[in-house]
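Heads up, the thing below is written out as C-alpha cells.
Each value in this text was obtained by applying a stated rule to the coordinates, not by laboratory testing. This is a predicted model, so every value here is computed, not measured. Heads up, the Cβs are rebuilt from the backbone with ideal geometry, glycines too, and the neighbour counts pull from every protein chain shown.
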C-alpha cells in the first residue's frame, strides 16, 4: 500500500542510501543529531515501538520529529526559534521613550518606580515601572547609574588623613587652609575660593562661577604661583570640590592633604575667620552688584591690602608680608 510506514518503497524514498552525504551539507546541533539517530534506528528496525523503548522516548515525541523530518528533511530536526512570528509592538514604550530618557538623565539615581510616579503626577503620563525599566535598559541607562553609584562609593572609600584640633605650623607653607563660600548675587550663585597660610596669615582668594574639584585644582595652581614659598600641607573640609582632580593633583605633586572631621568647623578656623573678615571689610562695604571680572578685581585689591598693609592682631600688629619676607 502506498504511503504506509514500513513498506520498502516508502523507506527507500524517505531515507536516501547515502544519508551521510546529506548530513555533511547541513550542520546539525547535538540535539538534532540525537533525533536523527532515532530515525535511523527506525529505518533499520522498521518498528516505532522498539525505537521508542530503545531511546526512552514517547511515541508522541518520535512522531513530532519524524513528521518534521518528512516535511523539511534534516533542517526539520533543528530547534525552531521560540520567539513568536508576530510580536506585539511596544507602543506605550515607544510613545513615552523620550520623556522617560529625559527624566532619567536629569535624575540619574531615580529608580523606575520614582520615574513612573513622577511622569504620572507631573506629566499625566501613565507608564508602568516595568516599562520604564525596559526603556532604560534598551538605552543603556541602567549601567550608567550603576557607574555613578560605584564612583560615589569610591569617593567615600578614599582614605582621608584627618585632624581634630588642626595642624600646627612652624613656618610659612607648613599648613595652608582652603575653603569655599557661596555668594548670592541677583539670583545667581558664585563661589569664593579662599586660602590662608596658617603661620603667616598670608592669603589668596578668587571668585568662580562654579564649584568642583577641577576648579579647586585651578585655584590651587594660581595660589601656588602667588605664594612665594613651598606649600607642604593643605587642610580642607570634606566637600566634594576637595576630592577628585584636586586631591589627585596634590598627591601627584607630593603635598599632604588633611581633612577636618565632619561638623568640626573650628578645625579650619583660620580660613573661616578670613572669609568672615573679607565679608565684613569688603563685600558689606562695596556690595556684590558687580560682574565676575569686577568682583575679582576688587578681591585682588583687598588681598594685597590684607597681606601688605593691614596690621594683624594675631601677629602682634605685624603684616603677613613681614612674616613671609622677614621684615
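Stretching the chain fully between residue 64 and residue 123 yields a gain of 16.0 nm (0.36 nm per residue, less the alpha carbon separation). The mean sequence distance of close C-alpha pairs (under 8 Å, at least 6 residues apart), as a share of the length of the stretch 189-327, puts its relative contact order at 25 percent. The modelled label-to-label distance between residue 252 and residue 240, using points 7 Å beyond Cα along the C-beta direction, is 2.2 nm. Under the simplified labelling scheme, the residue 34-residue 222 pair shows an inter-label distance of 7.3 nm, with each label point 7 Å from Cα along Cα→Cβ. Each label was represented as a point 7 Å from its Cα along the Cα-to-Cβ direction; for residue 273 and residue 94 these points are 6.9 nm apart. For residue 230 and residue 168, a Förster radius of 25 Å and the Cβ-Cβ distance give a FRET efficiency of 0.90, rounded to the nearest 0.05.
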